[in-house]
1. Can you tell me how many residues in region 287-306 are of a type in the set (D, E, K, R) and buried (at least 17 other Cβ atoms within 10 Å of the Cβ)?
2. Kindly establish whether Ser153 is in contact with an Asp or Glu (Cβ under 7 Å, 6 or more places away or on another chain) and at pLDDT 95 or above.
3. When you check Gly63 against the structure, is it touching a helix residue (DSSP H, G or I) at 6+ places or on another chain (Cβ under 8 Å), assigned to a helix (DSSP H, G or I), touching a residue at least 24 places away in the same chain (Cβ under 8 Å) and not hydrophobic (A, V, I, L, M, F, W, C), yes or no?
4. Restricting to region 84-103, and then to whatever is in a helix (DSSP H, G or I) and either over 18 Å from Phe296 (Cα atoms) or of a type in the set (Lys, Arg) (or both), can you tell me which residue is farthest from the chain's Cα centre (by Cα)?
5. Of the residues Ser260, Ser266, which single one is in the same structural domain as Lys228 (by TED's automatic domain parsing), more than 26 Å from the chain's Cα centre (by Cα) and buried (at least 20 other Cβ atoms within 10 Å of the Cβ)?
6. Which pairs have Cβ atoms under 6 Å, sit 6 or more apart or on different chains, and link a residue in region 293-318 that is modelled with pLDDT of 95 or more to one that is among the basic types (Lys, Arg)?
7. Counting only residues that are closer than 20 Å to Ser266 by Cβ and acidic (Asp, Glu), which one in region 142-181 is nearest to the chain's Cα centre (by Cα)?
Amino acid sequence: MTNIKDLAKMAGVSVTTVSRVLNHHPYVSEEKRNAVLKAMEDSNYQKNINAVHLSTGKTRLIGVVLPFSDHPYFALLLKGIAKQALENNYKLVLFQTEYLESREIEALEMLKQKQIDSLIICSRACDLSVIEEHLQYGNIVLCENIMKDNISSTFVNHYEIFYEALEFLYQKGHRRIGYCIGRLSGTNSHKRERAYRDFHEKYGLAYHHEYVMDKCFYFEDGEKVMNKIKEMDNPPTALLVTGDQVAAGIVVCCQRQNISIPGKMSIIGFDNEPIAKMLNITTIEIPLVEMGKNLFLQAISSDISNRELSVKLIERGTV
């Protein structure tokens with residue numbers, strides 16, 4: 001491959017002049033610039049990007065770890081990240097992990113090897129100690145309430161959100177309330193569980209472990225939830241569903257089975273996706289695109305920050 005020494009020889013100029021032309025330096029005569037450009041064209045010269053990265057210490061690549069690329073929650077986070085990346089002339093490297101620790105480790109290793117400048121982890125499976133071991137290699141930003149002075153994060157208060165939603169249902173007369181989540185493990189899931197237990201303790205309500213249903217990610221999981229509820233002797237009268245897609249699946253399943261909403265079953269979804277508006281589902285609006293934008297800005301910043309974003313309950317026809 002042609003290198004800058006070859007270009008300098010072909011153009012009859014110094015290596016320094018070639019470098020200035022390649023880097024759009026203004027102080028090069030028109031004659032010499034044209035000679036270098038002609039040499040580049042004649043030799044089909046291509047800039048060695050790896051060499052540029054080594055010289056600048058930057059790849060202008062940001063890694064984004066997310067468990068699923070087709071889930072609306074993560075798609076909206078990614079939308080915000082991608083918008084800021086475009087505006088700041090960065091490119092994204094996506095790691096779809098499906099919550100496998102080995103795939104998160106691959107992303108962390110790319111940060112260690114300087115193949116990416118920073119890493120945004122939208123939802124993690126790795127222990128926090130593993131994340132902290134890699135902070136020396138570049139910025140790592142988390143989408144959870146971590147509140148540490150060495151890791152930036154953007155988050156919403158899942159404990160508070162869950163507790164307020166439970167209170168809202170209680171005030172509507174519900175005493176048997178269940179909830180659906182993607183996974184039982186994870187920092188946010190633990191905070192929701194704590195809110196759920198604290199709520200039951202406050203009002204002296206019986207705790208039913210069968211009311212907590214996990215592995216609920218997609219629209220079709222709504223039918224799975226309703227099949228479980230039909231098998232219960234004392235089913236819940238209300239559900240908190242941590243995703244509007246699943247909430248929509250439950251609503252459609254209830255409609256097919258002539259289960260009155262909110263008469264027999266009340267439902268609160270999460271995220272305020274378009275499908276929630278279409279099906280008139282009460283939901284918690286989480287500003288996911290804004291969260292994504294802030295995650296990116298933290299990834300390219302030299303400062304450590306922790307930012308909490310506010311949410312709001314949008315009351316519609318399912319409660």
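1. At the first step, the residues of region 287-306 found to be of a type in the set (D, E, K, R) are 290, 293, 303.
Then keep just the ones that are buried (at least 17 other Cβ atoms within 10 Å of the Cβ); that gives 293.
Matching residues across region 287-306 total 1.
2. On the way: in contact with an Asp or Glu (Cβ under 7 Å, 6 or more places away or on another chain): yes; at pLDDT 95 or above: yes.
Considered against the rule, which asks whether it is in contact with an Asp or Glu (Cβ under 7 Å, 6 or more places away or on another chain) and at pLDDT 95 or above, Ser153 comes out as yes.
3. Details: touching a helix residue (DSSP H, G or I) at 6+ places or on another chain (Cβ under 8 Å): yes; assigned to a helix (DSSP H, G or I): no; touching a residue at least 24 places away in the same chain (Cβ under 8 Å): yes; not hydrophobic (A, V, I, L, M, F, W, C): yes.
Here the answer is no, as Gly63 does not meet what is asked.
4. Applying the first criterion (in a helix (DSSP H, G or I)) to region 84-103 yields 84-87, 101-103.
With the extra rule that they be either over 18 Å from Phe296 (Cα atoms) or of a type in the set (Lys, Arg) (or both), the set shrinks to 101-103.
Numbers: Glu101: 16, Ser102: 18, Arg103: 16 Å.
Taking the candidates together, the pick is Ser102.
5. Numbers: Ser260 fails: buried (at least 20 other Cβ atoms within 10 Å of the Cβ).
Answer to the selection: Ser266.
6. Final answer for the pair search is Asn294/Arg307.
7. Step one: of region 142-181, the residues closer than 20 Å to Ser266 by Cβ are 161-181.
This time we only want the ones that are acidic (Asp, Glu), so: 164, 167.
Working: Glu164: 23, Glu167: 28 Å.
Step by step, filter region 142-181, then rank; the result is Glu164.
Listed here are the residues, each with its yes/no results for (1) more than 17 Å from Arg183 (Cα to Cα); (2) assigned to a loop (DSSP other than H, G, I, E, B); (3) among the charged types (D, E, K, R).
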{"site": "Phe199", "(1), (2), (3)": "yes, no, no"}
{"site": "Lys215", "(1), (2), (3)": "no, yes, yes"}
{"site": "Glu223", "(1), (2), (3)": "yes, no, yes"}
{"site": "Pro235", "(1), (2), (3)": "yes, yes, no"}
{"site": "Ile259", "(1), (2), (3)": "yes, yes, no"}
{"site": "Ile284", "(1), (2), (3)": "yes, no, no"}
{"site": "Val289", "(1), (2), (3)": "yes, no, no"}
{"site": "Asn294", "(1), (2), (3)": "yes, no, no"}
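The values are calculated or read from the model by the stated rules, or taken from the named source; none is laboratory data. Everything numeric here is computed off the predicted structure, so don't read it as measured data. Cβ coordinates were reconstructed from backbone atoms using ideal geometry, including for glycine residues, and neighbour counts include every protein chain displayed.
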